[in-house]
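Engineer: After the structure tokens below, expect a handful of questions from me.
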Amino acid sequence: MIADNVARIIFAGGGTGGHLFPALAIANRVRELSHNKMKTEIIFVGTKRGIEYRMKERLGYPLHLINMRGIARTFTFRNLLVPFVVIGALIKAVLLLNRFRPDIVFGTGGYVCWPVLKVASWKNITTLLQEQNSYPGVTTRQLAPQADTIYLGFEVAKKYLKTKAEIIVSGNPVRTTITNGERSKALEKFGLDPHRKTILILGGSQGAHALNEAILKSLEKDLLGDKYQLLWQTGKRDYKEVTKMAGAKVSNCALFPFLQNMEMAYASADMVIARAGALTLAEITVCGLPSILIPYPYAAGNHQKKNAQDYVARKMAVMIEEKDLPQVNLLNEALELLESDQYALMKEAIKKETANKKKAVDIIAEDVIKKIESIHRIGV
């Protein structure tokens, strides 16, 4: 048993949903699995510029802010301030860790991870990392030598890490509720026809302009007919323009700037057209959905293309590069895939991938609890 019956964990990560949501999934699952064994005190560390700050009222955990930024790739005078920002972030991290006294510090990516996990390693606090992508982010690569354990979403990421840490290929954690949507209720919620097949279009929380343009171009021909319909997350930037243009071309289409209830969106869908962010891929996999992936070509280290190539190799998706979008009718590609033998084979490949396989969030959460118990036994 834990000495004072309280386990203290800091989750550092954010900036984007791809870093924040895995941390939330792990934190929630640790709390669920440990409630009969121990009391948990969990806090999050982020920045004021990240999605975590915009979601602070809905996190369910206290959020502590540290000002941290990286060096811009093009020269700017703000780069001259980065050393001072880093020193300030390290001092704030020291004060926070001294006050909270965590058993574990867990990083899931983003610049804010660096000062918090760096200080944790200096103080010999158990330091854990979770890397979502097939090509690890710069923060993960820099912190890997000091980490105790690294959980990977993709096995191929191993070769890019110089570390003696324990490496666990867990897959990427998603919320346990992501598969809870009920198709009939979901279709009703979005005003969609239960007799038609639904293509879910996702460009991430900010949308994907090139993807939206490709779909709009595809709608110039009446392809959907009475058999298909679209559930389309356009992103806030493109929403008004897409609504104006698509509304004149197609009626069986539900358009949203941002989809809050992703479990309902996935429950509505028969297939997904999306970018190849690690979190999106993890969610569509557990929901059993074949996909057409259009990797964001400017992602660091071209990691989205590597993510997509991994899924194509496992026959769970097809990939179209953004540079090739002008030469293809994206919607027609989706419809042909839906009606092909390849679609059924993709469904089967996803089913095999997930069958009898422990969820990534459970693998990680159970390991975290085991580590906490070990830490406290040693201290008794």
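Engineer: If you scan segment 25-45, which residues turn out to be among the aliphatic types (A, V, I, L, M) and either in contact with a Phe, Trp or Tyr (Cβ under 8 Å, 6 or more places away or on another chain) or modelled with pLDDT under 90 (or both)?
Structural biologist: Hits for segment 25-45 are I26, A27, M38, I42, I43, V45.
Engineer: Surrounded by fewer than 15 Cβ atoms within 10 Å (Cβ to Cβ), in a loop (DSSP other than H, G, I, E, B) and out of contact with any helix residue (DSSP H, G or I) (no Cβ under 6 Å at 6 or more places or on another chain) - does that describe any residue in segment 264-280?
Structural biologist: No, there is no match, as no residue in segment 264-280 is surrounded by fewer than 15 Cβ atoms within 10 Å (Cβ to Cβ), in a loop (DSSP other than H, G, I, E, B) and out of contact with any helix residue (DSSP H, G or I) (no Cβ under 6 Å at 6 or more places or on another chain).
Engineer: Still on this model: So, in segment 220-235, of the ones that are buried (at least 20 other Cβ atoms within 10 Å of the Cβ) and part of a loop (DSSP other than H, G, I, E, B), which residue ends up farthest from the chain's Cα centre (by Cα)?
Structural biologist: L224
Engineer: Then there's this: Can you name every residue in segment 117-174 that is of a type in the set (K, R) and part of a loop (DSSP other than H, G, I, E, B)?
Structural biologist: Within segment 117-174, K123, K162, K164 qualify.
Engineer: Would it be correct to say that T285 is in contact with a strand residue (DSSP E or B) (Cβ under 6 Å, 6 or more places away or on another chain) and surrounded by 16 or more Cβ atoms within 10 Å (Cβ to Cβ)?
Structural biologist: no
Engineer: A follow-up question, please. Can you tell me which condition L161 does not meet? The list is (1) surrounded by fewer than 17 Cβ atoms within 10 Å (Cβ to Cβ); (2) over 22 Å from I43 (Cβ atoms); (3) of a type in the set (A, V, I, L, M, F, W, C), and all the others hold.
Structural biologist: Among (1) surrounded by fewer than 17 Cβ atoms within 10 Å (Cβ to Cβ); (2) over 22 Å from I43 (Cβ atoms); (3) of a type in the set (A, V, I, L, M, F, W, C), the lone unmet condition for L161 is (1).
Engineer: Just checking, which of K158, K162, K189 is farther than 28 Å from K39 by Cβ and in contact (Cβ under 8 Å) with a residue 24 or more places away in the chain?
Structural biologist: Answer to the check: K189.
Engineer: Next question. In segment 252-301, which residues are at positive phi and at pLDDT 90 or above?
Structural biologist: G288
The values are calculated or read from the model by the stated rules, or taken from the named source; none is laboratory data. What you are looking at is a predicted structure, and each value in this text was computed from that prediction instead of being measured. Note that we place each Cβ from the backbone using ideal geometry, even for glycine, and neighbour counts take in every protein chain shown.
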